[in-house]
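Accompanying notes for the structure given below.
The values are calculated or read from the model by the stated rules, or taken from the named source; none is laboratory data. This one's a predicted model, so the numbers in the text were calculated from it and none came from an experiment. Reconstructed Cβ throughout: ideal geometry from the backbone, glycine too, with neighbour counts over all protein chains shown. The area values use the complete protein model at the heavy-atom level, side chains included, leaving out ligands, DNA and RNA. Shrake-Rupley method; radii C 1.70, N 1.55, O 1.52, S 1.80 Å.
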Amino acid sequence: MTLQLGDTVPDFRAETTMGPIRFHDWIEGSWAVLFSHPKNFTPVCTTELGDVARLKPEFDRRGVKVIGLSVDELARHSDWEDDIEETQGQRVNFPLIADFDRKVASLYGMIHPNASDTMTVRSVFVIGPDKKLKLSLTYPASTGRNFDEILRTIDSLQLTAGHSVATPSNWQPGGDVIIVPSLSDEAAKEKFPNGWKTLKPYLRVVPQPKT
């Protein structure tokens, strides 16, 4: 299955380190990040899980639930979490799916035969409260993910959802944003009564709305 942006993500039941879940029920109207790992006790993944645990307050502040996935049995996750705490100085504080039968990996297209017939690639799925896919990223096994960048993309997605703005190249939170082309000048006057700077009719720049 190939997931496209805007698709409703597949529902599934799974065992996790924090108990069984049904994914759509677990989202419960929140934003969510699902990210996969090729297998337990891999070096790059160990650093990533520690980093996400450290950043969890930032995800919480944005109303985003995070959940990891690895194609190992649940009993092995606990030992791996011990290693993560020992080496990264942070205990994993979010659920980790035990996808030993690769059911979820198959549903979400996480196994790429050209990379490996059995292990998942390093995938990231950002999912909106409507359970639709907002962003997906795929990394090779050798490259650790930049979760600060993933937080930045969530900030952008949430601004678009709440304020009808897009973010320009290299945007950082607090920087100017762009009024989406689908919003007419008349409608934009209601949303942005202080006005905006028109560089071109299709390029209207405005200070970032308060979140």
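Exactly one condition in (1) under 18 Å from the mean Cα position of the chain (by Cα); (2) part of a loop (DSSP other than H, G, I, E, B); (3) not small (Gly, Ala, Ser) is not met by Thr138; state its number.
The single condition Thr138 does not satisfy is (2).
Could you list, in sequence order, all residues of the range 1-56 that are open to solvent by 10 Å² or more (accessible area, probe 1.4 Å), touching a helix residue (DSSP H, G or I) at 6+ places or on another chain (Cβ under 8 Å), farther than 19 Å from Phe147 by Cα and among the hydrophobic types (A, V, I, L, M, F, W, C)?
Result: Met1, Ala14, Phe41.
In the range 62-80, what residues are out of contact with any helix residue (DSSP H, G or I) (no Cβ under 9 Å at 6 or more places or on another chain) and either assigned to a loop (DSSP other than H, G, I, E, B) or open to solvent by 20 Å² or more (accessible area, probe 1.4 Å) (or both)? Spell out how you get there, then give the answer.
Within the range 62-80, the subset out of contact with any helix residue (DSSP H, G or I) (no Cβ under 9 Å at 6 or more places or on another chain) is 73-79.
Once the filter is applied, which keeps residues that are out of contact with any helix residue (DSSP H, G or I) (no Cβ under 9 Å at 6 or more places or on another chain) and either assigned to a loop (DSSP other than H, G, I, E, B) or open to solvent by 20 Å² or more (accessible area, probe 1.4 Å) (or both), the range 62-80 yields Glu73, Leu74, Ala75, Arg76, Ser78, Asp79.
Among Leu34, Leu49, which is among the aliphatic types (A, V, I, L, M) and either more than 19 Å from Gln158 (Cα to Cα) or part of a loop (DSSP other than H, G, I, E, B) (or both)? Spell out the reasoning first.
Working: Leu34 fails: either more than 19 Å from Gln158 (Cα to Cα) or part of a loop (DSSP other than H, G, I, E, B) (or both).
On inspection, the qualifying residue turns out to be Leu49.
Of Leu49, Leu34, Leu74, which residue is under 24 Å from Asp11 (Cα atoms), more than 19 Å from the chain's Cα centre (by Cα) and in contact (Cβ under 8 Å) with a residue 40 or more places away in the chain?
After ruling out the rest, the residue left standing is Leu74.
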